[in-house]
Amino acid sequence: MESEQPTLHTVAIIVPIYNEEEVVERFHLALCRVIDLLPYDFTIYYVNDGSTDRTQEIIAHLAHDDKRVSVVELSRNFGHQAALTAGLDIAEGEVVISLDGDGQHPPELIPQMIELYQGGYDIIHTQRIDAQSSFSLKRFTSGTFYWLINTIGYTKVMPGCADFRLMSRETVNTLKKMPEYHRFLRGMIPWMGYRSIILPYQAPERLGGQSKYSMKKMIKLAMDAIFSFSLTPLRIGITVGIIFFFLAILEIVYVLSFWLRGQQASLAPGWSSLMFVILIVGGTLMVNLGFIGIYLGYIFQEVKRRPIYIIRSSPNHPMPSSELPETEADQSSRANTGNKKNANTTPKLD
Ligand code: UDP
Ligand code: MG
């Protein structure tokens with residue numbers, strides 16, 4: 001039996017959004033319809049991931065009309081995983097729920113997620129069940145990706161489990177101690193363990209607009225997942241290398257057998273077989289070098305310790321200080337503390 005969680009008071013909701021001017025208002029209404037009926041203190045963090053449309057304006061209005069809304073604006077488009085990380089770092093609340101702002105993660109699941117949390121679970125994952133069986137490129141590529149990562153990765157990643165989940169405060173705090181630059185939260189969070197459960201749901205269509213996950217962004221996410229959760233590509237290189245080593249020994253034995261029988265004259269130098277071996281060995285070396293190069297690049301970016309995202313404005317830092325009119329209080333505090341302008345605009349990474 002799971003032990004029950006302490007009584008719940010505050011719930012944080014994180015919604016990463018990128019160019020969602022068409023849907024964000026409708027999404028907010030749908031979310032409010034659900035949370036208005038629940039007896040908790042909600043804070044909704046809309047993380048604007050560098051939108052170039054009217055998204056920022058719309059969410060600023062939402063924040064003005066609804067005191068539960070907080071706006072976090074990133075300085076540019078850092079990507080969905082970075083925007084989620086920003087939200088998780090900033091959000092306060094005994095539990096934190098993340099969901100997409102396009103309506104594909106139905107807010108109607110929130111009461112059930114909270115119920116499961118109160119039943120003793122620390123993390124409530126959700127899993128999309130596809131009603132349609134028809135072929136789509138996105139379904140095919142995502143199916144292939146999940147098969148690959150589960151075959152070669154060292155953490156199980158459930159297909160269809162996107163970033164729609166509830167996390168307890170304790171688990172969020174643990175995740176914050178994992179500051180890796182290449183983030184694949186769908187692998188990092190199950191890796192942490194804790195008492196978790198999967199809640200299945202049927203995903204509706206987008207409320208409007210197009211997917212903001214371009215093919216380039218999907219490939220980046222897949223690479224982040226594979227190269228930060230698996231060393232198998234490096235092992236492929238070693239395995240192929242060993243196979244070629246044995247092939248070389250076989251060839252020596254084969255050639256020696258001609259010499260021992262005194263038939264070395266019949267060993268006509270074969271251009272095609274030589275070329276074949278050169279090409280295969282050359283290709284294998286290139287592929288292996290490529291894998292090593294990718295891992296080296298990942299390590300390079302990790303050691304640079306750049307922030308995962310940069311906040312332009314947030315509830316703790318409402319506007320870039322350069323845009324705020326300077327008050328007398330500011331001047332005197334600067335005189336006392338030294339110029340710590342933008343001190344809390346970058347996240348703490350440790
Ligand atoms: N998103 C984001 N930054 C990005 C791309 C997407 O914050 O660079 C947001 C997007 O606005 C949405 C969520 O992440 O709220 C999921 O994106 P989307 O619905 O486009 O992905 P899909 O459902 O097609 O996989
Ligand atoms: Mg979507």
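Laboratory data are not the source of any read-out in this text; all were calculated from the coordinates shown. It should be emphasised that the depicted structure is a prediction, and the values quoted were computed from it without experimental measurement. Here the Cβ is made from the backbone with ideal geometry for all residues, glycine too, and neighbour counts use every protein chain on show.
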Self-check item: Debye, to nearest 20: dipole size of the chain, +1 on Lys, Arg Cβ, -1 on Asp, Glu Cβ
Solution: 1500 debye
Quiz item: In nm, to one decimal, how far is the modelled label at PHE135 from the one at LEU148, with both set 7 Å along Cα→Cβ?
Solution: 1.9 nm
Quiz item: In terms of the Cα gyration tensor, with a ≥ b ≥ c the square roots of its eigenvalues, is the stretch 232-303 rounded because a/c is under 1.5, prolate because a/b exceeds b/c, or oblate?
Solution: prolate
Practice problem: Between the alpha-carbon centers of the stretch 88-113 and the stretch 1-57, tell me the distance in whole angstrom. | Solution: 6 Å
Practice problem: Express the relative contact order of the stretch 1-132 as a whole percentage, based on alpha carbon pairs under 8 Å and six or more residues apart in sequence. | Solution: 38 percent
Exercise. Please name whichever of GLY79, LEU256, GLY241 sits farthest to the positive end of the charge dipole of the chain, dipole taken about the Cα centre and charges placed at Cβ: Lys and Arg +1, Asp and Glu -1.
Key: LEU256
Practice problem: Distance check, please: which entries in LYS217/LYS304; LYS67/LYS217; LYS156/LYS177; LYS138/LYS212 exceed 24 angstrom between their Cα atoms? | Solution: LYS67/LYS217
Quiz item: How would you classify the stretch 10-214 from its alpha-carbon gyration tensor, with a ≥ b ≥ c the square roots of the eigenvalues: rounded for a/c under 1.5, else prolate if a/b is greater than b/c, otherwise oblate?
Solution: rounded
